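What follows is calculated from the coordinates using simple rules that are stated; it is not laboratory data. Just so it is clear, the model here is predicted, and its values are computed rather than measured. With ideal geometry, Cβ positions are generated from the backbone for all residues, glycine too; neighbour counts draw on all protein chains shown.
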Amino acid sequence: MSVLQVNDYSNPAARAHVATVNASEGVRQLAVTAAAAAGNQAGARAAEVAHYRTCLASALVNSCGSDTFRSALRTLGAGGV
């Protein structure tokens with residue numbers, strides 16, 4: 001599980017980004033678990049891609065670092081976008 005924590009509690013954009021990422025992580029975990037139980041590798045990959053796209057969008061909207069999310073998407077073959 002990769003839950004982000006806020007280092008700068010006075011920054012509302014950082015807090016919003018962290019909340020979005022943490023919520024998306026919970027959805028990702030449920031979807032990956034369900035897909036794995038069904039033997040659906042494509043479904044698990046789709047859940048991962050959706051999670052990292054959500055994180056990337058949040059990072060861009062909230063002016064937070066996005067390199068980690070772009071890298072994860074490239075690794076998943078989703079092109080970093």
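Counting 0.36 nm for each residue step from L60 to T75 and taking away their Cα separation leaves a gain of 3.5 nm. Rounded to the nearest 500, the 222 nm mean residue ellipticity of the chain from helices alone is -23500 deg cm²/dmol, with -39,500 (n - 2.57) taken per DSSP H run of at least 4 residues.
Using only side-chain charges placed at the Cβ, +1 for Lys and Arg and -1 for Asp and Glu, the dipole size of the chain relative to its Cα centre rounds to 160 debye.
Each of G43, S66, S24 was placed along the dipole of the chain (beta-carbon charges, centred on the mean Cα), and the one lying farthest toward the positive end is G43.
Here Cα Rg over 2.2 N^0.38 Å was calculated from the structure, and among [x] 2.03; [y] 1.84; [z] 1.13 it sits at label [z]. The length gained on full extension between S10 and T68, counted as 0.36 nm times the residue separation minus their Cα-Cα distance, comes to 18.6 nm.
With contacts defined as alpha carbon pairs under 8 Å and 6 or more residues apart, what's the relative contact order of segment 12-75 in percent?
Result for segment 12-75 is 37 percent.
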